[in-house]
Amino acid sequence: MMATLSAIQSVVEAYVSSVAPATLAFGFLTLVPWSSQEKPANVLASGAGGEVSLESIAQIVEQHDVVLIVSVYRTKMEKRGVVGVLNYLRTSHPDAIVFLVQLPDRFDTDLTKAYISELMARQDELYCFGADGVLMELAGDPEGLQHKLSLELQENAAIQQRVQAFANNANQGVPSARDLKIIEDEFRGLLWNDIPDMLMPGFAPLDERFLEDGNRVGDFWFVRPYSNHHHVLLAVTGQHEKVVIKVHDKRSVTDAKKVESIYQEFCLLTHILDHPHIIRCVGMLQSRCNVYLALQYGGDVCMEQVLLTHGGHRLSRDDALNCSAQVASALSYCHAQDVVHGQVSLRHVVVEMAWNRHICRLVDFSMAAHVPNSSTRKTLCGSLPCVAPETVLDEPYLPKPADCWSVGVLFLETACGQGSLEMSVQWRRGESLAYVAWKIIDFFSQAGCHAEAMTKMGNLLDGITMACLGAVLKPEPARRASASDMVKMLSTESTAHSEEMGFD
């Protein structure tokens, strides 16, 4: 990747020079110096140290209705410049309309999955800066820029109208049913049309023509509910191939974050993640009432249901090692791309039998996120028994070790019996998650905890199982084995090595 100042200058100048003459109604501000002598009249560039005079910013704001801050956002100078300019505009020119324009490192870069993921992570960071919008530009396209800006401005206008309508209704009393319907329609249009059109390439457009009833949607015929979830259905195609349809009722979605999570799962499972133990997405449909994700079929049951059919509610040691190794392999692949799952659990592992062997696949990436190694997260996701205790304590946590803890609990439950953790820690239903989390931390801080958890439901002590549990079920996230280490330890071919490693 190009990241030198001269390379960034080249990218920024090439882009701004290509679009600025055609968009004189907008002012451009670059956060790197302009290397050439000539620049378009509506462009303001920073000085050699990244500084921009407040008088110049005020002037460009007064001369143009919209200001576009253009940068690659790879250097401290650029990021510092964004924060400084936006802070100044918020206090001195609060009515100014400012958009951030994010560029790739270079326009001839191949848009690989990893690179697009990196750009999207950078865009996520930019949304925290408080501009009116963030545009990702992958080519110098004046018409495309005009179109994106037009949609962004329409969205902002719709939001302002909705706020004004609420304010007016608050002054006039209870709004009429007609007013509420107008506001609701505008809001739905913003959520499902405007935002996806502007920010979510590939999001399925509204199609009112495809057939949708209780028995089918498009080319998919429903068979029955799938894995005890009413919003997940087993279906077949016209070629009698099984698929799983995940249904999102648009009427239950009330904010853009949920739309983003649907889109994120679609992108991850369609374009970014490709692994034999991760379910793939094969299509997306949007009707007036629902959004549908069509997912690869991975078996009729989840791991939770599998355990209920086995004696002691557990698998044999080798089967448990094999299943957990498959999940760890999927997670290791995700972590290598800085993607975290966030809610690994018995319910989110679907199982198919092939040649008397359990084939496991990780599902439900609705809470997944792109998080680099050193970054923390504060999102509460996951559920007992597999949720990592630190994730529910209202403090930032490292999401990769949290994923690994969840796989460790999955192995405990499959090898030693479903309910092993609950019986060991002895929490009561109805206790707060935070209180249970502290009980889990306290339990695994004691000597002999792994042996106790392993034998709580009558399972026999086993050195291999002990080594694997001891490596990952540690209260301190930094001391846990990584997902790649877990693959080596859990693989039945490496059990002897696991014992030699002596984790406790």
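The values are calculated or read from the model by the stated rules, or taken from the named source; none is laboratory data. Values in this document were obtained by computation on a predicted structure and should not be read as measured data. Positions of Cβ are backbone-derived with ideal geometry, glycine not excepted, and every protein chain shown enters the neighbour counts. Just so you know, the surface numbers come from the protein's heavy atoms only, side chains and all, with ligands and any DNA or RNA stripped out. Shrake-Rupley method; radii C 1.70, N 1.55, O 1.52, S 1.80 Å.
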- Please enumerate the residues belonging to region 35-58 that are in a strand (DSSP E or B) and either out of contact with any helix residue (DSSP H, G or I) (no Cβ under 7 Å at 6 or more places or on another chain) or without any contact (Cβ under 8 Å) to a residue 24 or more places away in the chain (or both). 44, 45
- Note on the structure: Residue hits (region 334-382; touching a residue at least 24 places away in the same chain (Cβ under 8 Å), over 22 Å from residue 298 (Cβ atoms) and among the charged types (D, E, K, R)) are 338, 377
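Quick grid of which residues meet (1) of a type outside the set (Phe, Trp, Tyr); (2) under 32 Å from the mean Cα position of the chain (by Cα); (3) farther than 28 Å from residue 335 by Cα; (4) at pLDDT 95 or above:
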{"position": "434", "(1), (2), (3), (4)": "yes, yes, no, no"}
{"position": "438", "(1), (2), (3), (4)": "no, yes, no, yes"}
{"position": "444", "(1), (2), (3), (4)": "no, yes, no, yes"}
{"position": "448", "(1), (2), (3), (4)": "yes, no, yes, yes"}
{"position": "451", "(1), (2), (3), (4)": "yes, no, yes, yes"}
{"position": "460", "(1), (2), (3), (4)": "yes, no, yes, no"}
{"position": "469", "(1), (2), (3), (4)": "yes, yes, no, yes"}
{"position": "482", "(1), (2), (3), (4)": "yes, yes, no, yes"}
{"position": "490", "(1), (2), (3), (4)": "yes, yes, no, no"}
- Task: Could you identify the single residue in 329, 324 that is in contact with a Pro (Cβ under 9 Å, 6 or more places away or on another chain), part of a helix (DSSP H, G or I) and at pLDDT 95 or above?
- Result: 329
- Task: Please work out which residue is nearest to residue 316 (Cα to Cα), limiting yourself to region 422-461 and to residues that are surrounded by 14 or more Cβ atoms within 10 Å (Cβ to Cβ) and touching a residue at least 60 places away in the same chain (Cβ under 8 Å).
- Result: 459
- Note on the structure: Within region 358-383, the residues that are assigned to a loop (DSSP other than H, G, I, E, B) and in contact with a His (Cβ under 7 Å, 6 or more places away or on another chain) are 363, 364, 365, 368
- From 315, 307, grab the single residue that is at negative phi, part of a loop (DSSP other than H, G, I, E, B) and open to solvent by less than 60 Å² (accessible area, probe 1.4 Å). 315
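Residues are listed down the side, and each one gets a yes or a no for (1) more than 18 Å from residue 277 (Cβ to Cβ); (2) more than 17 Å from the chain's Cα centre (by Cα):
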position	(1), (2)
359	no, yes
365	no, no
371	yes, no
376	yes, no
380	yes, no
385	yes, yes
392	yes, yes
